[in-house]
1. Yes or no: SER983 in the same structural domain as CYS885 (by TED's automatic domain parsing), crowded, with 22+ Cβ neighbours inside 10 Å and either farther than 30 Å from GLU799 by Cβ or modelled with pLDDT of 95 or more (or both)?
2. Among GLY918, GLY906, GLY901, which is the only one that is buried (at least 20 other Cβ atoms within 10 Å of the Cβ) and on the phi > 0 side of the Ramachandran plot?
3. Report every pair of residues separated by at least 6 positions or lying on different chains whose Cβ atoms are under 7 Å apart, first residue within the stretch 515-536 and modelled with pLDDT of 95 or more, second in a helix (DSSP H, G or I) and not aromatic (Phe, Trp, Tyr).
4. Looking only at the stretch 788-812, filter to residues that are in a helix (DSSP H, G or I) and under 15 Å from PHE759 (Cβ atoms); which one of those is farthest from the chain's Cα centre (by Cα)?
5. Return the residue satisfying two criteria in turn: it lies in the stretch 163-215 and is in a loop (DSSP other than H, G, I, E, B) and touching a Pro at 6+ places or on another chain (Cβ under 6 Å), and of such residues it is surrounded by the fewest Cβ atoms within 10 Å (Cβ to Cβ).
6. Is there any pair with a first residue in the stretch 53-65 that is in the same structural domain as ILE97 (by TED's automatic domain parsing) and a second that is exposed (fewer than 12 other Cβ atoms within 10 Å of the Cβ) and of a type outside the set (A, V, I, L, M, F, W, C) whose Cβ atoms are under 9 Å apart and which are 6 or more apart or on different chains, and what are they?
7. Against the conditions (1) buried (at least 19 other Cβ atoms within 10 Å of the Cβ); (2) over 18 Å from ASP494 (Cα atoms), where does ILE451 fall short? Just the number, please.
8. Anything in the stretch 821-840 that is surrounded by 20 or more Cβ atoms within 10 Å (Cβ to Cβ) and either of a type in the set (D, E, K, R) or in a strand (DSSP E or B) (or both)? List them, or say none.
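The values are calculated or read from the model by the stated rules, or taken from the named source; none is laboratory data. Everything quoted here is computed from the prediction, not taken from an experiment. Because the Cβ atoms are built from the backbone with ideal geometry, glycine has one as well, and the counts that use them run over all protein chains shown.
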Amino acid sequence: MKEEIIGEGRAMVSATLDFKPMSSALTRTRAAGDALKNISSLHVLLYDYETKALKKSWKIEGYTVFDEGRTDADAENGKGTAENTTKRATFKLPDEIDFGRYYMYAVANIPNLLTAYDGNIKTVDGLKSIPLTWNPDDITANSQMIGYFTNASGNSNDESLVVKEKSVKLHAWLRRAASKITVAFDATKLKDGIRIHFKSIKIKHIPRTCYLGKDNTPGYTSATFENRNEKSLIEELHEDGEVYYYNGRPDAPDNEDFASWPFVSRGKLFYGLLPPGETALKSPSIADYHTENTPALYFYENLQGNEESRPGIKDKRQDSDDDGKLDAPGLPNDEGYVLKDNVEFGTYIEVEGYYDARLSDRPGEGKIIYRFMLGQDVKKDYNAKRNCHYKLTLRFNGYANDVDWHIEYKEDKQLIVPTPYYISYLYNQSASLPVKIKGSDLDKVKLEVRIIENHWWPTLEEGDDYKFADLSKVYPVGQQREAVWHGFMSLAYDSRKIIGDDKHYMNNKDWNKEEWNTNANNEKRIFEDLTVGDHGNYSVELGYDDGLNLKMPFYTRPKQLVPTSGYTGNNPYVAYSREAKIELKLMDKDKNEVLKDVNGKNLIDTASIIQVRRCVNPKGVWRSWNNSDNFHVVMKILSKESAEKFETYDSKGPWRAKVEIDKNNMIKLRGADAEGYVHGTIDSPMDFWIDFNGTCENENTVRSAIVLVEYNNYTCHHRIFVRQGYAPLVLNDSIKWHSFNLYSATEETQSPLEEGSLFKYGNLTDAILAENNKTYGFQVPVGDNELSLAGGGSKKWLEIKAASDKNTGSDGFSKENIQVVNPDGTKVNVRVATVKDYDNLRNGENREFGYGVLYGDGATETLEDVNEVYGYYRGGNKSYGMRGCFVYNKENGNNLFFPIGASGYGRRKTDKSWYKSGVIRPGALQYAWRSKKYSEYDWDNGWKTLAYRPLFEDVYIRPGATYWCEKYISAQLSGETKSKNYSYLDINYFTLDFSLGEGEPLDCEKDGVDDTSSACFIRCVEDVE
């Protein structure tokens, strides 16, 4: 081969330096993703080709740096770049150099290279062997780089160059001594109902030192791995590298509140860190958590070999032969356990989290640790090379036993109870708590469960300033947390809707307690028989590994617990949950003593039972007889009382929906399976379509159905009442209930959602329009201003008269000859519903109640703006909803709806200072009689009353409506022992009351004034011939 002729002369050298883009490795953190991307100092060293001795060195001062786009071909492995751009520096050497063959190197980010390492840089090998020391306190200080110049601009393995022209352009690729790793999590194949919460991620056993330019093999003298270097693990490696606390509490790394940690589940498939300033993505992919700017963990190169350099090296996978068994099972110190896959000096990633499985067949929870050894693949390569971006994804399989990662998980408790656990906001509901019991001789064990707290009050999020009644003043004073008989939960089922209907909140202040104590199982239950099998209302199964799984039933209580007290088994709060606490004890049957665990501690645990916030949006979907528009259900909730928008509701467990009752094949759920269910995963929104099957036969036909939604592991229930056809309907009474409120003396409303007009007692002529509420809203005095009336015209409040005779037995509306037009166009005689009608409606057989938002014709989806969700008005947007009370037959699904008004206040008040408040607002729009908080009443001490009915503290702002009865009469209602006087129906949307009220709407402030009253809604009925 002909020898290359170089000649003599001197050359001016122009140079370009490029950062070698990090290779993308492991495509299957604490520092920023761009922590090692800059140049802070630059040196160039020239070596003789033959002797490899230093000829000249320069500290480069005048260089220009800019960003340069990169392609996959530029990457370290030539296959895939992990960086879209890296730095490029250009400069000219300050001196000319002689023609010749050389080795020329660039070194970045070692500012004292020429002084501190003057002995090392004398030779090429010495330069490459400069020892770098990891700086754990400043990651950017670990950004040392080296590269060699060539005549070519592309990649070249030949480190030499030739200078034979007067002007030479050289190029070098700089390679970092460090690499970085980003970690993401993928729950695509995780079992539904399981969450994996993440506390922290650490990089472990990172090299303390690294060579600037040659292979770094901690523990060994070379990459052949034939000889150890006699250094110990602690001498070679840092035990811990960087750590990132996912819970956002770097100041409290030992924080164990796993519920506050981020997580993945089947509903939240992916998680990882995001670059600073970026918000969470709505529909992320794994790639979004592996960008070049993603916060990363950094480390020096650590080569520990592969199958080629170290034959027989262990496979990292837990089940490498796919035989269904772990290759090296167990935990540290267990026989057969293999620490770090027998690669003692390797670097690995450790993720600490919390395993939370709310599964009835396989419950479990506890701390869990995942570990992975770094390398160029997920099998047998342990070479964590320099200048790489390792993109590591932890993919969970099944019950989270992923084969590519080592798992450390051991349930160290013998009594395992998921907490918190959820139950429906509805009354008379049931759920089963999965209790896991481990140990031996369990046939000699019993489980004792007791309710230790049972709240009637709401649970507020941190920072929420909502005020409820002062617990320290509520009866029994100083014992609210012990007064479990006022709460929502019971360990025994009570099928009654209402208890204590004839009791008085103050005169019978201890009745709730006495009734609670009539059944000892309400508060405490002992499960004596823990043998496998069905034991009536509870069951016991063998655990998948060992021990037993007990399905423990618990319940919500009746809708009203002494109605006048306000206590309720149904959560009244649309924005807040309520909490109960139970204590569980494992007991020795023979000795009746609490058992102890292996550490000598009593086997006692507590769990929180959460009654979820009340869901009201949507609660009903109605269509006229010839309307079959489908409806898109997305269950939505309010985040707090003052929220202006509803938010989409994600289920904290798998959910499903089905058509529970449909006698006429009216609807179906789109995409339902063979059993009629549509399904959703944990942490996913309850989102589905109700499709109507055609229309009714004619205007006189009504079809009804009920959709049941089961969420939070199917323990919580929500019902949606569906109806097609607005013709008068018989529930199971002897009358037909009309679907519309009265608008005027001769006309009903145009829609069942429309609230209708307000009427003074006995006066159908002056129908006060709902449109007035937009001007004279909540507590706004009407004064001498005129109110618009149906049919045109207007009058002042005091000019609108009530019947002069308001005594018991007076005519009221009974003499009115009311004719309205039914949906089929025919005129029909109707009457105002009587006290008896409402009593039968309330207490009839198979009668139940629901409270929430109805959508009608024109509405095809669930809305979120509060003003739209509640704001249906005559002549307004038909897609809007309306709050109210549904009364339904649980056997056939037939349902009625009583709106409470777009404002939420279905009444205009009479002229009276109620409870000596001193506040008189004639005609003001307000549902409640009181004008301010109970506790603020000076007369007779507001707390004298409030102490026995604390849910009424802010009843003055609570929504509700009143409906006139036909006459003010004395009657003995169902279940009562004596007669009382009744004039109206009271619908309290907050406490879920649907009861007959006495004479309050007829009362006025001045003696001798008989021609005024409150103004209330009217619902009419037809007698069945």
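1. Yes: the conditions hold for SER983.
2. Just a single option satisfies the conditions, and that option is GLY901.
3. Here the result reads TRP516/ASN522; GLU523/VAL484, each pair linking the stretch 515-536 to a residue that is in a helix (DSSP H, G or I) and not aromatic (Phe, Trp, Tyr).
4. Only one residue fits best here, namely GLU799.
5. Across the stretch 163-215, the extreme among qualifying residues is ASP192.
6. Every condition considered, the pairs that remain are LYS56/ASP95; TRP58/ASP95.
7. The single condition ILE451 does not satisfy is (2).
8. VAL830, VAL832, ASP837, ASP839
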